[in-house]
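The values are calculated or read from the model by the stated rules, or taken from the named source; none is laboratory data. What you see is a predicted model, and the numbers here were worked out from it, not measured in a lab. Every residue, glycine among them, receives a Cβ derived from its backbone with ideal geometry; neighbour counts consider all protein chains shown. Side chains included, ligands, DNA and RNA excluded: accessible areas come from the protein's heavy atoms. Shrake-Rupley method; radii C 1.70, N 1.55, O 1.52, S 1.80 Å.
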Amino acid sequence: MNDRTTTPHFLLVPGAWHGSWCWSKLQAALTERGFVSHTVDLPSVVPAGSEGRLPGMYDDARVVREKIDAIDAPLVVVGHSYGGAPVTQAADGAANVSHLVYISGFALDVDESLMTCFGAEAPDLASVEGIIPVRENPATTLYNDVSEEERDAAVARLLPQSALSFAEPVTRPAWCTIPSSYVFCDNDQSLPPDYQKPFAERTGTTYHLPSGHTPLLSMPGELADILAGIAHSDVRRGL
């Protein structure tokens, strides 16, 4: 049984096309503030040239849940962008998760996927194969407020995303039962604020950063302050 009066750890789940590497600056900022953090690599981020039936959102959720269950501490689980989908699926029923945080993320409801949440028709999952290439113009859409050097380094590390990960729907929305917060990225060129709003409305508290889509690279200190505040608030409430 975890002692909920102790300082929570963080589990940081990346978005589409990204690996655990994208959290390094935020992890350093959290360490400076006295927090332990963990991250994962999602199996739906696949090598260039991948074909056929590839790992999907449920595979990502399985990896996230395995990591949750392996951490013997109260846990704030943070999902960036697409990462909000497997976080939503994986955290349901996890006794040690005290809070969910979505950073410009997809807080999906039952039967919603990234493909359907804006009105598209659900595909036949059995027929979904192949990849979704890296977002067009990532230097602008993903990293518009990141320094040129860091932007170029990040773009060089991006990998394709499996199409199935965008197609598989959530079946267990953890934000319904676990306290949750949303970090609006107000200058997001990938998921503009109007698109973030319906997901934010499903959470209990909202925060704002004057950032592009990836504040974990452009504003790690400011983001760490928000996350630290959430963690300390959970401890005060005994969550």
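Here the chain is treated with +1 on each Lys and Arg Cβ and -1 on each Asp and Glu Cβ, and its dipole about the Cα centre works out to around 600 debye. Counting every pair of alpha carbons in region 134-235, the share spaced more than 15 Å apart comes to 69 percent. Split the accessible area of region 131-239 by element, probe 1.4 Å, and carbon with sulfur accounts for 50%. Across the chain, Cα-Cα pairs more than 25 Å apart make up 36 percent of the total.
So what is the relative contact order for the chain, in percent, with contacts set as C-alpha pairs under 8 Å and at least six apart? Over the chain, the number comes to 25 percent. Among complete DSSP H helices in the chain, those whose alpha-carbon atoms stretch at least 15 Å along the helix's long axis and whose mean Kyte-Doolittle hydropathy reaches -0.5 are 220-237.
If you model region 142-193 as an ellipsoid using its alpha carbon gyration tensor, with each semi-axis the square root of five times an eigenvalue, the axes come out at 28, 18, 10 Å, biggest first. Shape summary of region 57-155, radius of gyration then Dmax from alpha carbon positions: 15.9, 42 Å. The Cα-based radius of gyration and maximum Cα-Cα distance (Dmax) for region 1-129 are 15.4, 48 Å. Remark: the chain carries 41 Å² of accessible area per residue (probe radius 1.4 Å; ligands, DNA and RNA excluded).
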